[in-house]
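J.: One structure is given below, represented as structure tokens, and several questions about it will come after.
The values are calculated or read from the model by the stated rules, or taken from the named source; none is laboratory data. Computed from a prediction, not measured in an experiment: that's the story for all the values here. Neighbour counts run over all protein chains shown; Cβ positions are idealised from the backbone, glycine included. Protein only, heavy atoms only, side chains kept; ligands, DNA and RNA dropped before computing areas. Shrake-Rupley method; radii C 1.70, N 1.55, O 1.52, S 1.80 Å.
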Amino acid sequence: MLFILRLIIVVVYSILVSVFGCIYCLFSPRNPKHVSTFGKLFGRLAPVFGLRVEKRIPAEAVNNGNCIYIANHQNNYDMVTASSVVMPGTVTVGKKSLAWIPFFGQLYWLTGNLLIDRDNRAKAHGTIAQVVTQIKKKNLSIWMFPEGTRSRGRGLMPFKTGAFHAAIAAGVPIVPICVSNTSNKVKLNRWSNGLVIVEMLPPIDTSGYTKDRLRELSEHCRQIMTDKIAELDAEVAQREAAAKK
């Protein structure tokens with residue numbers, strides 16, 4: 001029964017946000033300020049799934065300036081966890097097929113997000129150039145999932161180099177976003193599904209890196225995120241265990 005109730009709430013809420021969001025965005029289509037606004041609106045679904053999301057955004061994050069945010073990509077619940085910390089003036093890079101999702105896909109495009117054809121390597125490289133252009137000319141930050149796919153409980157997957165190539169080319173820092181484990185955590189027939197911590201880390205300077213050191217930068221960022229995610233998972237386990245006593 002709880003599963004059905006949650007499903008109804010999520011579907012109705014998502015359709016309403018998407019439909020009215022599209023209408024709202026038609027007055028200023030593809031304005032990047034919309035991404036943060038609607039990210040936070042979808043983040044409000046977290047309690048519906050029985051999740052308590054704890055956001056950790058450094059006070060100095062408002063001074064990050066243009067940058068590339070990279071986050072671990074676990075599953076569809078990222079829509080209600082990671083989305084809650086999208087900063088104003090940030091757009092995301094998603095696969096082209098997202099545009100065909102009824103209601104949500106149209107909102108995704110209208111809010112100014114970038115779509116990439118991952119099955120076409122030439123177009124994918126063109127998207128990186130587009131990312132660099134967006135950063136330099138439109139004063140934007142970009143949110144990317146460097147794993148390129150959902151990890152689905154397999155841990156932090158190997159990183160693709162697109163985000164790091166773009167950061168070096170645009171001359172902007174990389175800001176990691178780490179989300180504690182949500183794989184197999186959510187049981188839709190259970191009232192409470194526990195704590196999820198979303199933490200924004202300090203910017204990683206890319207000015208000392210060149211294209212020849214692309215893989216080095218990628219591995220450096222991946223190691224930082226691997227260590228932080230393990231730390232967050234341990235904290236969540238400890239706090240949830242203490243809460244049961």
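J.: Scan the chain and note any complete DSSP helix (H) whose C-alpha atoms cover at least 18 Å along its axis and whose Kyte-Doolittle average is 0.0 or more.
T.: Membrane-span-like by this rule: 2-25.
J.: If ligands, DNA and RNA are left out, what is the accessible area of M87 with a 1.4 Å probe, given in Å² to the nearest 10?
T.: 30
J.: How much mean residue ellipticity at 222 nm does the chain get from its helices, if each DSSP H run of length 4 or more adds -39500 (n - 2.57) and you divide by all residues, to the nearest 500 deg cm²/dmol?
T.: The helix-only estimate for the chain comes to -13500 deg cm²/dmol at 222 nm.
J.: Which of the residue pairs K33/K211; K136/K211; K40/K95; K40/K187 have a Cα-Cα distance greater than 26 Å in the structure shown?
T.: Check vs 26 Å cut-off fails for K33/K211.
J.: Also, quick follow-up: As I understand it, the dipole of the chain uses +1 on the Cβ of Lys and Arg and -1 on the Cβ of Asp and Glu, about the Cα centre. Which of L201, C25, S83 lies farthest toward its positive end?
T.: C25
J.: Using a 10 angstrom cutoff on alpha carbons, build the Gaussian network for the chain and name the most mobile of L156, L214, L16.
T.: For the chain, modelled as a Gaussian network with Cα springs under 10 Å, the answer is L16.
J.: Here is a follow-up. Exposed loop sites here are chymotrypsin sites (Phe, Trp or Tyr not before Pro) in DSSP loop states with at most 14 other C-beta atoms within 10 Å. What is the longest stretch of the chain lacking them? Walk me through the intermediate numbers first.
T.: Details: sites that count: F27, W191.
It works out to 28-190.
J.: Tally the DSSP beta bridges in the chain and give the antiparallel ones as a percent, rounded to 5.
T.: On the way: 4 of 22 bridges.
If I count the DSSP bridges inside the chain, around 20 percent turn out antiparallel.
J.: I would also like to ask the following. For the stretch 115-245, report the % of Cα-Cα distances exceeding 19 Å.
T.: The calculated P(r) of the stretch 115-245 puts 57 percent of pairs beyond 19 Å.
J.: Can you tell me, using C-alpha contacts under 8 Å and at least 6 residues apart, the relative contact order of the stretch 1-243 as a whole percent?
T.: Details: 421 pairs, mean separation 63.2, N = 243.
Across the stretch 1-243, relative contact order equals 26 percent.
J.: With a point put 7 Å past each Cα toward its Cβ, work out how far A241 is from R215 in nm, to one decimal.
T.: The modelled label-to-label distance comes out at 3.9 nm.
J.: Provide the solvent-accessible area of S207, counting protein heavy atoms only and rolling a 1.4 Å probe, rounded to the nearest 10 Å².
T.: 90
J.: For the stretch 1-243, which whole percent of the accessible surface, found with a 1.4 angstrom probe, sits on carbon and sulfur atoms?
T.: Values: 7430 of 12280 Å².
Roughly 60 percent of what the probe reaches on the stretch 1-243 is carbon or sulfur.
J.: I need the shape label for the chain. Rule: rounded when a/c is under 1.5, else prolate if a/b > b/c, else oblate, with a, b, c from the alpha carbon gyration tensor. Walk me through the numbers on the way to the answer.
T.: Details: a/c = 1.81, a/b = 1.19, b/c = 1.51.
Oblate, because a/c is 1.5 or more while a/b does not exceed b/c.
J.: Quick one: dipole size for the stretch 1-243, taken about the Cα centre, charges +1 on Lys/Arg Cβ and -1 on Asp/Glu Cβ, in debye to the nearest 20. Please report the intermediate quantities before stating the final value.
T.: Details: 29 positive and 16 negative charges, 140 e Å.
My answer is approximately 680 debye.
J.: Could you compute how much accessible surface R215 exposes when probed at 1.4 Å, giving the result in Å² to the nearest 10?
T.: 120
J.: Also, quick follow-up: Given the stretch 1-79 reduced to its alpha-carbon atoms as identical point scatterers, what log10 I(q)/I(0) does the Debye formula return at q = 0.19, 0.20, 0.21 Å⁻¹?
T.: -1.06, -1.13, -1.18
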